[in-house]
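Here's the structure we're looking at; comments come further down.
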Amino acid sequence: VGGVNTNAHFAFNTILITNGSYAAYVYYWNYNNGTKGKLVFRNNIVASLSVTKNVAYLSGNTDAFSNAGNNCYFNAKWNYQSSGDVTGNPAFKSLSYPYDLHLTKGSACADKGSLDVPGVTHDFDGDLRSESPDIGADEFK
């Protein structure tokens with residue numbers, strides 16, 4: 001994402017790290033000729049099958065993270081906790097290849113999301129988000 005006063009929106013995603021040798025990074029550098037953009041990082045699942053190292057890291061100028069929260073972490077060493085974040089098992093349908101990242105009953109991510117992200121009304125399957133949306137790409141039915 002680039003440009004003057006750019007705001008990056010990263011919401012309702014599911015990130016699964018399947019190999020402990022790799023890390024997932026969300027890096028947002030918000031300086032652009034003295035003007036600053038903002039990062040929206042909400043309602044995302046960050047999960048790992050291994051915790052051999054930091055698998056998720058949010059970096060950049062910290063004042064950019066004004067709208068982060070309601071994220072769910074599972075086996076993820078994460079450096080940036082914010083309001084509404086939860087830690088727990090998302091209860092994916094299958095963590096074996098081919099992975100099925102649909103949520104199942106008992107998910108720690110169920111009904112823990114927030115609808116304060118404009119324009120996200122449906123999940124990746126086209127299912128309507130509930131008034132208490134699930135965190136991640138899938139809305140459990």
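The values are calculated or read from the model by the stated rules, or taken from the named source; none is laboratory data. What you are looking at is a predicted structure, and each value in this text was computed from that prediction instead of being measured. Neighbour counts run over all protein chains shown; Cβ positions are idealised from the backbone, glycine included. Surface areas here come from the heavy atoms of the whole protein model, side chains and all, with no ligands, DNA or RNA. Shrake-Rupley method; radii C 1.70, N 1.55, O 1.52, S 1.80 Å.
When you count the other C-beta atoms within 10 angstrom of each residue and take the mean per peptide, 89-96, 68-75, 9-16, 128-135 line up highest first as 68-75, 9-16, 128-135, 89-96. For a straight C-alpha distance cut-off of 16 angstrom, the aspartates and glutamates reachable from residue 112 (same-chain residues fewer than eight places away being disregarded) are 85, 123, 131, 134, 138, 139. What the range 76-141 shows is 58 Å² of accessible area per residue, with the surface traced by a 1.4 Å probe over protein heavy atoms. The HN-Hα couplings worked out from phi for the range 116-124 by the Karplus form 6.51 cos²θ - 1.76 cosθ + 1.60 (θ = phi - 60°) are 7, 10, x, x, 9, 10, 10, 8, 6 Hz, whole numbers, x standing for Gly and Pro. Once backbone amide H atoms are built at 1.01 Å from N, residue 45 has 13, 14, 15, 72, 136, 137 as its partners under 5 Å, excluding neighbours fewer than 5 places away on the same chain.
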